[in-house]
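Reviewing the structure listed below.
The values are calculated or read from the model by the stated rules, or taken from the named source; none is laboratory data. Every value quoted in this text rests on a predicted model; they were computed, and no experiment measured them. Every residue, glycine among them, receives a Cβ derived from its backbone with ideal geometry; neighbour counts consider all protein chains shown. Only protein heavy atoms, including side chains, enter the accessible area calculation; ligands, DNA and RNA are left aside. Shrake-Rupley method; radii C 1.70, N 1.55, O 1.52, S 1.80 Å.
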Amino acid sequence: ADTSHQPRSVSSRPYYSLPNSSHERRSVLAMAEPPRFHSQAKGKNVRLDAHSRRATRRNSFCNGVTFTNRPIHLYEKVRLKLVAVHHGWSGALRFGFTIHDPSQMSSEEIPKYACPDLVTRPGYWAKALPERFAVRDNILAFWVDRHGRVFYSINDEEPILFHCGIKVSGPLWALIDVYGITHEVQILDSMFAETMSTARLSSARLSTCLPQSNHDSANFNNNELENNQVVAKIANLNLSRVPGLGTDNHIIPCCPNRRQHAQGVPAFLDTDLRFHPTRGPDITFSQDRMVACTNWQESNRTLVFSDRPLHIGESLFVEVGHLGLPYYGALSFGITSCDPSTLRTNELPADPDFLLDRKEYWVVYRAFPVLNNGDILSFMVLPNGEVHHGVNGASRGMLMCVDTSQSLWVFFTIHGVINQLKILGTVQSSPVTVSPSGSPGGSQYDSDSDMAFSVNRSSSASESSLVTAPSSPLSPPISPVFSPPEPSSSKNGECTVCFDSEVDTVIYTCGHMCLCNTCGLKLKKQLNACCPICRRVIKDVIKIYRP
């Protein structure tokens, strides 16, 4: 007789099979030993109690990866009590499942982080518990169903769909990373979850709309905090060795990125400007849209926009976050007349230069110097169309010239070593007096040539600032910032640069005739050369011959 379909006893049923009834589920739990933490497969900062039911992370914020000592049944709830929560770090517990047997792992194979180190490997699935749920004495329960869906609940409340696509054809061990603010957890006795009804499943799916925290950003912030603590402890240790000099052992940073900002940043900033919801698909925003982070691994399409135009004379302050790794690429800055709400995510390219072919006004600047973590950049559009910037309160001069006759939004792309951009706020400046050289107040960026105005002299700016041309190459711009100079008594007017020779050259693309050929050729060689009248970028100068 064919016995292949005869039911097996509960005791011989594999962990990953589905108990058929509530009675059978209770029987499974009665015979199965309650799950414990694996005594060997754990991060180097994990300490277990004598019964392997309580895991405590010692030191740091990471190296807290643990596993259960046995596979978990389908629908079996892994229940964790959050025993200790220490605020000051970023991020909370990470949890999920793996198909890999922890008994076969060596301590060297267990990385610092479950996310992203483990989840980027095949056979590991984990995500972060939202920090609002990481409260002391809360009980987290999570389980996987026969469809490979992971759910979790807090204090036996409504389940939340957490993950999909888990491979359930083999045994699954629970993965628990005692991370960040989560300091100690206790594993409780198991319970079985009920099969999800259609109505409850729909409700659970709605809960997944909540954005996940950015693991890369949390790891970065925590590493910076840990480094700051080490520096502070060393400083206090050195001070304690100086006779007669007392120390305050409590002067240690308690939160990442909370150090005093660079000098030159106003004490009071308006915070009504945020990032626009339209963004590249590789960008994650904080809940208030004041912080933009790149996603883990490849982050190519990272365009972000301001949610309103930048006012004339208004300074925008942003802080950069730095990975501290030898990656290439950094930050790009630009200004556009395009309202971001008219764009779609699938229209946003990886390279902002592709935007220059659009019909709107776009300007892109790439030649920023090497930036450090925590550097604060400022950007301001002057009434004459010049865009000036500064770093940590120090003016760095003019970046570009723009057409201020229309509303202008700011945009950035975040690449390479820069993985986070935070809007600190804006301040409306008092009117700036522009010197003939084009820099406020005759600063160090004044021209040292015979030109009557200066342009940015960044070493690579000639290849780094691009601007779209008007639709008609030789048509004058709409509403130029400056009125054209009055023509002199000569037939064609005097050159607006040397005020000596006769005007005989037209500027491409704006079409203005305001230069002699000698000054036009000199000006064309300048970096980021702009028309003296409308401040549009000069692509070429053309000498005019008259009969």
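With both labels modelled 7 Å from their Cα along Cα-to-Cβ, the D357 to Y545 distance reads 3.6 nm. Each principal axis of the Cα cloud of segment 37-192 was evaluated for its coordinate range; sorted largest first, these ranges are 38, 36, 29 Å.
Of all accessible surface on segment 275-428 at a 1.4 Å probe, what whole percent is carbon and sulfur?
Values: 2840 of 5730 Å².
For segment 275-428, the apolar C and S fraction of the accessible surface comes to 49 percent.
Modelled label positions at K525 and A394, each set 7 Å beyond Cα in the direction of Cβ, lie 3.0 nm from each other. In straight-distance terms, cross-link reach from K522 covers every one of the lysines whose alpha-carbon lies under 19 Å from its own, apart from those fewer than eight places away in the same chain; here that gives K539, K543.
Using a simple spin-label model with pseudo-atoms 7 Å out from Cα toward Cβ, V370 and N59 lie 3.1 nm apart.
Round to the nearest 0.05 the FRET efficiency obtained for T342 and N384 when R0 = 41 Å and r is the Cβ-Cβ distance. Efficiency, from the Cβ-Cβ distance: 0.90. The simple Förster model, with R0 at 41 Å and r as the Cβ-Cβ distance, assigns D49 and S169 a FRET efficiency of 0.75.
Rolling a 1.4 angstrom probe over the protein heavy atoms with all chains in place gives segment 275-428 an accessible area of 37 Å² per residue. Length available on full extension from S39 to Q104: 0.36 nm per residue minus the Cα-Cα distance, which gives 22.1 nm.
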